[in-house]
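Take a look at the structure set out below.
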Amino acid sequence: MVKSNAQDEMLSLLNWLQTMGVDAAVDDTAHDWLSRGNDAPGAAFPWPDLRDQGPGSKSGPNAVRADTRQAPPRPRASGSTGSPDAARPRAVTPLGASEAETGARRIARAANSLPELEAALQNFDGCGLKATATKLCFYRGSPTSDLMIIGEAPGRDEDLAGKPFVGKGGQLLDKMLAAIGRTEADVHITNVVYWRPPGNRTPTPQETLACRPFLERQIELVSPKIVVAVGGSAAKEILGVTEGIMRLRGKWREITIGDRKIPAIATLHPAYLLRTPAAKQLAWMDLLQMLSKL
Ligand code: URA
């Protein structure tokens, strides 16, 4: 069969999209993200008390009050030439990461239950990942559990389902948990960020920092006996260390959440185990460690 030029063009476009990391259609209609102008993801997040009060507060062109959530007027970059570049979203967090974290902390602390925390996250625009994700991935499993599992970030399957660890890696995680007698009904599974990073890249420190207050509040509300960080990136974030996962895994540490100290351990990511089955014996040793504390 002879392919038409149009077919060739479509195929090469698809190929290009795939190379760029686009691996899922998220809507029936295309979104023109450039029409946001200079408003970076997260720019609409309302931080009225931070902007309006106190030393160090900022009031910028992106300032929006909590009760007026319509799109802010599009500011032009100073010295803007009107070129296509000037209309491109800025690749920066609109506020300093620590300022974003403080605002998020205030919102997260106000949530007194997981449904309230989820609602707060649904309204939270301070993490840029939300702009490109399909769904919020809050948690899977039981609302309270002695065992809390924390991974890195939702992937494609999780983004479509709105739940953490539902893809192939999640299925292996479920098998690992079954090996120590656990089902979804008696674990709490989440991630350090709540939205899928584009192309499954590692979340940036700013993205992790913006989600961190919600994660800490989630840990308080779930009230686990132990926390398990799954994979190197989650381990570094949860345990506040910089070593690689092979050095970190299998050793107990303590994390402080609110006024509680909670035993925490890191283990290998199931996606890594799928690629490296020989490492399953290490994961099994980590599982036994978990069992010993539960
Ligand atoms: N990997 C993670 O770290 N988390 C998920 O939810 C899925 C894959």
So what is the diffusion coefficient of the stretch 96-254 in µm² per second by Stokes-Einstein at 25 °C and 0.890 mPa s, using a Kirkwood Rh over Cα pairs?
156
When only alpha-carbon atoms are used, what values of Rg and Dmax, in angstrom, describe the stretch 177-253?
13.3, 37
Over every pair of different alpha-carbon atoms in the stretch 210-267, take the mean of 1/r and invert it; report that Kirkwood radius in Å.
11.5
With every protein chain kept in place and a 1.4 Å probe, the residues 195, 252, 284 fall, from largest accessible area down, as 284, 252, 195
At a threshold of 8 angstrom on Cα-Cα distance, excluding pairs fewer than six apart, so keeping six or more, what relative contact order does the stretch 181-292 reach in percent?
22
Descending accessible area (1.4 Å probe), largest on the left, turns 269, 188 into 269, 188
About its Cα centre, what dipole magnitude does the stretch 145-220 give when the only charges are +1 on Lys and Arg Cβ and -1 on Asp and Glu Cβ, stated in debye to the nearest 20?
240
Give me the one-decimal nm value for the distance between modelled label points at residue 5 and residue 272, 7 Å along each residue's Cα-to-Cβ direction.
5.1
Could you compute the FRET efficiency for residue 22 and residue 168, with r as their C-beta to C-beta distance and R0 at 25 Å, rounded to 0.05?
0.80
Once the dipole of the stretch 109-259 is set up from charges on Cβ (+1 Lys and Arg, -1 Asp and Glu), the residue from the list 233, 187, 126 lying farthest towards its positive end is 233
So how much slack lies between residue 254 and residue 288, counting 0.36 nm per residue of separation and subtracting their Cα-Cα distance, in nm?
10.4 nm
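The values are calculated or read from the model by the stated rules, or taken from the named source; none is laboratory data. The structure presented is a predicted model; accordingly, all values stated were derived computationally and were not measured. Cβ sites come from the backbone with ideal geometry, for glycine too, and all protein chains shown count toward neighbours. Just so you know, the surface numbers come from the protein's heavy atoms only, side chains and all, with ligands and any DNA or RNA stripped out. Shrake-Rupley method; radii C 1.70, N 1.55, O 1.52, S 1.80 Å.
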